[in-house]
Amino acid sequence: MAKKDMVIIPGFTPVRQSIDVAAATKYLESLHIEGFKGGDVDKINIYQANNGMSNPTYLVWGDAVTGEKSRKVIIRKKPSGKLLPGAHQIEREYRILKALEGTKVPCPKVFALCEDKNVLGQCFYVMDYVEGRVLEDDRLPTFTPEERKELYDHMNEIMAELHKLDFVKLGLENHGKKGNYAKRQLNTWGRQFHLGIPVIEKYKDKHYYAPKIIANTPQLYKLIDVLTAQAEKFPEETTIAHGDFRLGNLILDPVKPRVAAVLDWEISTLGHPLCDLAYFLMPHSGGLLVKNRPAGIPSKMEFIESYCKSRGIPLPSTEEIAFWTALVHFRMAAICHGVYARGLQGNAGSNKALDRGSAFVDNIKIGMRVMGIPMEESSNL
């Protein structure tokens, strides 16, 4: 491939994990996507997203031909190498995006799912590129108080709309199991956490933070035990659950404080809506919004009250809020553990993977604090 001038696109970097550009171009051309210009491989631009650590995500478009601009599309695929069982569920991500077309939950348009590993080595799907901003700082430092309020209100509205959807009418009755969501989350992510332990043990001399992660392993098992004991204590409800609904998984309008698209549906399922709510509010529980919440951003309870009003449901109890808060911090700890393990192996989708080691420990501490569990001294290495 001929050397091309670098194009600066926020959120994308030069390709770090190789992809067969010729094969990708040939496949994209076979879809006959309106506005997409393929042609010679030398005319194809391809960059990799730097915020999709689980599944490598590529932005692809052709150079302008006869004065016409090429439509930009996204290829999102499973990573190369040996994958943990049940992880990187590209197929279910594609299917829910397809089902949500035409609802009040804004999502990118999807074009095709390719399950033929002979094309790019792993399963992948193709979706439209949505232009806009992807922000990670929940404080929104460049926004005015009015803009912060408008955006948080819109995020609240979209979450409520998602949880009001009739998943049976959308053909998603098999998107997950009904009931026992908390217990299923504990089993699923506890299993993923357990599978990643040997990897970190194997590569413990490769990165300075590995010993502390190993030392905190018993703490996460203790949190799992406490949460499991309470998993069936609270009322059951089943809705579509995004599983990773947060600011960094939203594309914002290029100018307005509004959401243009919701991304990263890989771990979506049928589950308890309060888990999504608690997950979104993690910055209020143990992150940037605990002590220094900028003007315009609602408090944790204000956000919960607005959400419940939109859905027409009663406020959950303080005890129930604490349970879901601790559970999402457990889940995040398990996810960070897996990302860190893949980073040690060198097959993570982002160059920030090894930074997740400290987040693993931080999330354990928050979960245990919320549930009133003391930390052992050995975990403070």
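The values are calculated or read from the model by the stated rules, or taken from the named source; none is laboratory data. A quick note: this is a predicted structure, and the numbers were derived from the prediction, not measured. Here the Cβ positions follow ideal geometry from the backbone for every residue, glycine too, while neighbour counts run over all protein chains shown. For accessibility, only protein heavy atoms count, side chains too; no ligands or nucleic acids. Shrake-Rupley method; radii C 1.70, N 1.55, O 1.52, S 1.80 Å.
Close amide H pairs (under 5 Å, H built 1.01 Å from N) link A260 with I251, L252, D253, residues at least 5 positions away or on another chain.
Over all pairs of different C-alpha atoms, the chain has a mean inverse distance whose reciprocal, the Kirkwood radius, equals 21.9 Å. Using the rule -39500 (n - 2.57) for each DSSP H run of four or more residues, divided by the residues of the chain, the 222 nm mean residue ellipticity is -13000 deg cm²/dmol. Got a sec? Charge dipole of the range 282-352, +1 on Cβ for Lys and Arg, -1 for Asp and Glu; which of T318, N347, S285 is way out at the positive end? Projecting each Cα onto the dipole axis, the largest value belongs to N347.
For the chain, list the DSSP H helices whose alpha carbon atoms reach 15 Å or more along the long axis and whose average Kyte-Doolittle value is -0.5 or above? Let's see the in-between values first.
Values: long enough: 21-31 (16 Å, 0.64); 145-164 (28 Å, -1.42); 181-202 (33 Å, -0.63); 217-230 (21 Å, 0.23); 300-311 (17 Å, -0.88); 318-345 (41 Å, 0.49); 356-370 (21 Å, 0.16).
Span-like helices here: 21-31, 217-230, 318-345, 356-370.
Oblate is the label for the range 255-296. Its Cα gyration tensor axes, ordered a ≥ b ≥ c, give a/c of at least 1.5 and b/c at or above a/b.
Considering only Cα atoms, the convex hull volume of the range 286-367 works out to 130 Å³ per residue. With θ taken as phi - 60° and the coefficients 6.51, -1.76 and 1.60, list the Karplus ³J(HN,Hα) couplings across the range 107-120 in order, rounded to whole Hz; mark glycine and proline as x. Working through the residues one at a time gives 9, x, 6, 9, 10, 6, 10, 10, 9, 7, 5, 6, 6, 10 Hz.
Taking every protein chain into account, the accessible area of the range 118-163 amounts to 44 square angstrom per residue (probe 1.4 Å). Using only the Cα atoms of the range 213-262, build the gyration tensor, take square roots of its eigenvalues as a ≥ b ≥ c, and label the shape rounded, prolate or oblate: rounded if a/c is under 1.5, else prolate if a/b is larger than b/c, else oblate. Oblate shape, in that a/c is at least 1.5 and b/c is the bigger or equal ratio. Using a Gaussian network model of the chain in which every pair of alpha carbons under 10 angstrom is joined by a spring, one finds that among I224, I313, I96 the greatest mean-square fluctuation is at I313.
Result for the chain in a Gaussian network model with C-alpha springs under 10 Å: among M332, M301, M155, the largest mean-square fluctuation is at M301. Residue pairs exceeding 26 angstrom between C-alpha atoms, taken from K202/K352; K233/K291; K233/K309; K178/K300: K233/K291; K178/K300. Largest GNM mean-square fluctuation among K365, K78, K183, using the chain with Cα springs under 10 Å: K183.
Rolling a 1.4 Å probe over the protein heavy atoms of the range 290-371, with every protein chain left in place, gives an accessible area that is 50 percent carbon and sulfur.
Using the crude model of +1 on Lys and Arg Cβ and -1 on Asp and Glu Cβ, and no other charge, please compute the dipole size for the chain relative to its Cα centre, in debye to 20.
Values: 50 positive and 45 negative charges, 130 e Å.
For this selection, approximately 620 debye.
Per-residue Karplus couplings for the range 78-83, computed as 6.51 cos²θ - 1.76 cosθ + 1.60 with θ equal to phi - 60°, are listed in order as 6, x, 6, x, 6, 9 Hz, Gly and Pro entered as x. Working value for the range 220-369: equivalent-ellipsoid semi-axes of 24, 22, 16 Å, each the square root of 5 times a Cα gyration tensor eigenvalue, largest first. Positive end of the dipole of the chain (Cβ unit charges, origin at the Cα centre): among H175, H207, F36, the Cα lying farthest that way belongs to H207.
Out of the total accessible area of the range 117-191 (probe 1.4 Å, heavy atoms of protein only), what percent is carbon and sulfur?
Heavy-atom surface of the range 117-191 belonging to carbon and sulfur, 1.4 Å probe: 46 percent.
Think of the range 66-143 as a dipole: +1 on every Lys or Arg Cβ, -1 on every Asp or Glu Cβ, centred on the Cα centre; then among Y94, C123, V110, C123 lies furthest on the positive end.
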